[in-house]
Amino acid sequence: MSHILSAQNVNKKFGNFQALKNVNINIDKGKIVGLIGPNGAGKTTLLKSVLGLDSCDGELKVLGIDPFRKRADLMKEICFIADVAVLPKWIKVSQVLKFTEQTHPNFSIEQAKQFLSRTKIKMDHKVKELSKGMTAQLHLAIVMSINAKLLVLDEPTLGLDILFRKQFYDNLLNDYFDNERTIIITTHQVEEIEHILTDVVFIREGEIVLDANMDELTSSYFEVMVGQEHYEEALSHKPLTMRKVFGKHIMLFNSTSRDVIETLGEVQRPSVSDLFVALMQEEQA
Amino acid sequence: MNTFKALLEREYWEHRGAFLKTPLIIGIVIVVFLILGYLTTERFDQVLTNGQSIELSGKALESFNADDVSNVIDVFMLATASLYQFVLFVVLFFFLLGSLYDDRKDGSILFWKSLPVSDTQTVLSKLVTATLVAPLLFTFGLIISHLAFFIVFSVIFLLNGANPFTVLWSNIEFINNWGAFVVGCLIQALWALPIYGWLLFASSYSKRRPFMLAVFVPLMVGLVWYWYNAIFNYNLLKIGVFKTLAFLLGKSTVPFTSGMDTNAENFGFDPTDHTGVELIQSMLRGLNQSDMYYGLVFATITIALAIYVRRFRNTT
């Protein structure tokens with residue numbers, strides 16, 4: 001099996017609305033992929049198909065398995081957190097661990113208990129007694145105790161405060177991720193995850209507009225902080241975007257004429273979110 | 001198999017209140033009414049006849065014919081059993097209506113579906129909970145309630161100088177009456193299977209109000225059928241759909257009477273006139289009707305549809 005996930009000409013229609021248009025994408029082992037796009041771009045639709053929660057047209061294989069037809073089989077090898085705090089409210093912590101242990105062949109209850117011992121969560125708590133952040137911690141503890149080849153996180157930290165969000169990604173990176181595993185993340189808070197990503201995929205109106213690894217990305221795009229004296233010259237190289245900070249202009253360029261532009265000011269690596277905004281605007285123009 | 005056991009246990013965790021506490025609470029209510037009833041009659045008796053009549057009746061009880069006492073106890077046990085079956089149906093109605101809807105409403109379906117459990121297993125676990133687990137828990141509740149009831153009675157007899165063992169306990173047909181309840185619950189499940197299937201489908205399919213779909217669609221179909229016949233065939237008596245619905249509901253809520261035919265001569269069938277064994281025989285005979293087979297076919301179709309819809313409907 002070459003790819004963890006491979007999609008070829010994947011399409012999805014809701015009535016007349018084409019939610020996914022000829023999506024082609026391959027994801028390999030050991031990557032942390034950020035799936036980034038504006039609201040309604042098709043991120044969740046794509047992930048639902050990947051997780052076997054909905055059907056789609058085209059060739060979609062996750063670990064060589066057709067997700068929609070064999071979701072139960074697939075879930076032995078992958079796991080996901082779709083949305084925050086979706087654990088059932090009535091269940092006790094001990095019950096959710098027991099249920100997962102009995103239904104999941106790759107779940108280690110000892111490990112989950114060990115993760116939970118570092119939190120304030122007690123075994124006889126009910127989920128409805130936990131705060132939103134603690135529920136997310138519990139869910140993460142369960143997911144991290146599953147020996148899965150692929151982990152999919154769809155807005156796993158939406159609505160959590162900054163402390164929980166930071167801890168969430170720290171735990172994920174330090175206690176879970178290794179080169180045998182693969183993670184796909186979508187989130188609106190791109191700034192918080194961009195330092196952990198190995199690859200980014202931009203999706204817009206159901207189409208993949210960019211699929212690159214972070215190194216490629218930072219070598220093919222760069223930002224230059226241009227002072228007033230070089231402003232006109234820099235502008236003539238047609239920056240993708242431009243913003244003004246402390247009297248200087250920060251311009252984003254494609255790498256084609258890097259040698260020349262580098263001389264115009266201080267070069268810096270663009271953030272994924274700036275790049276995202278730039279590419280989305282470019283597409284619209 | 002371990003997975004299925006875990007799924008049933010999961011249903012028990014979530015619905016322990018409805019399945020276990022409901023029968024126990026009914027039992028407590030009956031016992032409390034019994035005690036209140038006893039206390040008030042004693043009070044009246046004290047005022048009116050200085051307590052003579054209760055003392056007399058206590059003595060008189062021991063001279064009663066054992067068969068008569070046994071009959072009274074049978075009637076009591078079967079009447080409460082019938083009440084419990086009715087309540088069981090109501091509890092299951094709402095359980096099934098929410099079973100494939102509530103987790104979509106609160107989003108927890110996204111957690112359940114992240115585990116390697118197929119949608120077929122999930123839906124069947126709800127069905128087995130309704131047809132086997134809940135009836136067993138109700139049987140347990142009924143047994144506890146009956147025993148509590150008889151213990152209270154024994155104390156009352158003792159207070160009045162009668163021996164509860166000769167008057168009461170030796171005349172109770174435990175096996176017959178509890179057996180009739182268990183068999184009745186299973187036969188209830190068979191008759192109610194098309195209703196359960198329909199409820200599962202409504203719960204799985206409905207985007208907003210499963211109750212509206214589950215209740216109003218059959219009623220609308222019945223009305224349309226009625227008016228179609230009234231207007232086009234000038235027949236005001238064709239109530240086919242309503243008749244079927246009433247038939248199914250009747251058998252599902254009072255399974256003890258499910259053995260009777262629907263013709264007029266059996267109209268006055270009173271289950272409390274019969275012993276537990278007679279009831280079991282009557283109910284089993286009732287199963288051999290073509291309506292039962294149509295019901296099972298309908299149930300199979302609706303359950304299959306519930307599973308089919310469950311695969312892609314993840315939100316409300």
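When A:GLN114 is tested against (1) in a loop (DSSP other than H, G, I, E, B); (2) more than 9 Å from chain B (Cβ to nearest Cβ), only condition (1) is not met. When the criteria are applied in full, A:HIS195 fails the requirement of being outside any helix (DSSP H, G or I) and surrounded by fewer than 17 Cβ atoms within 10 Å (Cβ to Cβ).
The residues listed here are A:GLN102, A:GLN95; of these, the one that is within 14 Å of chain B (Cβ to nearest Cβ), closer than 28 Å to A:ILE65 by Cβ and among the polar types (S, T, N, Q) is A:GLN102. Is it the case, given these coordinates, that A:LYS98 is closer than 21 Å to A:GLY159 by Cβ and in a helix (DSSP H, G or I)? Judged against the criteria, A:LYS98 is not a match. For region A:212-241, give me the residue count where each residue is buried (at least 18 other Cβ atoms within 10 Å of the Cβ) and either of a type in the set (D, E, K, R) or at positive phi (or both). Adding up the residues that qualify gives 1. When the test is whether a residue is outside any strand (DSSP E or B) and under 27 Å from A:ALA19 (Cα atoms), A:PHE202 does not pass it. Being under 26 Å from B:ASP67 (Cβ atoms), crowded, with 20+ Cβ neighbours inside 10 Å and either aromatic (Phe, Trp, Tyr) or at pLDDT below 85 (or both): is that true of B:GLY259 here? Here the answer is yes, as B:GLY259 does meet what is asked. Would you mind stating whether B:SER154 is of a type in the set (Gly, Ala, Ser), in a helix (DSSP H, G or I) and buried (at least 18 other Cβ atoms within 10 Å of the Cβ)? So B:SER154 fails the test.
In region B:1-41, the qualifying residues are those that are at pLDDT below 90 and closer than 30 Å to B:GLN121 by Cβ, and the one that is nearest to the other protein chains (Cβ to nearest Cβ) is B:ASN2. Selection of strands (runs of 3 or more DSSP E) fully inside region A:1-76 by the criterion of at least 1 residues being of a type in the set (Ser, Thr, Tyr) returns A:5-14. The set of residues from region B:128-137 being touching a residue at least 60 places away in the same chain (Cβ under 8 Å) and either surrounded by 22 or more Cβ atoms within 10 Å (Cβ to Cβ) or within 14 Å of another protein chain (Cβ to nearest Cβ) (or both) comprises B:THR129, B:ALA130, B:ALA134, B:LEU137.
Selection over region A:61-90 of residues that are at the interface with another protein chain (Cβ under 7 Å from one of its Cβ atoms), of a type in the set (A, V, I, L, M), farther than 30 Å from A:ASN24 by Cα and out of contact with any Leu (no Cβ under 7 Å at 6 or more places or on another chain) gives a count of 0.
Filtered by the rule that a residue be surrounded by fewer than 18 Cβ atoms within 10 Å (Cβ to Cβ), among the polar types (S, T, N, Q) and not in a loop (DSSP other than H, G, I, E, B), region B:157-175 gives B:THR166, B:SER170.
From the list A:ASP175, A:ASP170, the one residue that fits, being modelled with pLDDT under 85 and either part of a helix (DSSP H, G or I) or of a type in the set (Val, Ile, Thr) (or both), is A:ASP175.
Total residues in region B:105-117 satisfying the condition of being more than 7 Å from every other protein chain (Cβ to nearest Cβ) and surrounded by fewer than 21 Cβ atoms within 10 Å (Cβ to Cβ): the figure is 2.
With respect to A:PHE80, is the statement that it is without any contact (Cβ under 8 Å) to a residue 40 or more places away in the chain, among the hydrophobic types (A, V, I, L, M, F, W, C) and either in contact with a Ser or Thr (Cβ under 7 Å, 6 or more places away or on another chain) or not in a loop (DSSP other than H, G, I, E, B) (or both) true? Spelling it out, it is not the case that A:PHE80 is without any contact (Cβ under 8 Å) to a residue 40 or more places away in the chain, among the hydrophobic types (A, V, I, L, M, F, W, C) and either in contact with a Ser or Thr (Cβ under 7 Å, 6 or more places away or on another chain) or not in a loop (DSSP other than H, G, I, E, B) (or both). For B:GLY141, the stated conditions hold: it is surrounded by 17 or more Cβ atoms within 10 Å (Cβ to Cβ) and in contact with a Gly (Cβ under 9 Å, 6 or more places away or on another chain).
The values are calculated or read from the model by the stated rules, or taken from the named source; none is laboratory data. Everything quoted here is computed from the prediction, not taken from an experiment. Heads up, the Cβs are rebuilt from the backbone with ideal geometry, glycines too, and the neighbour counts pull from every protein chain shown.
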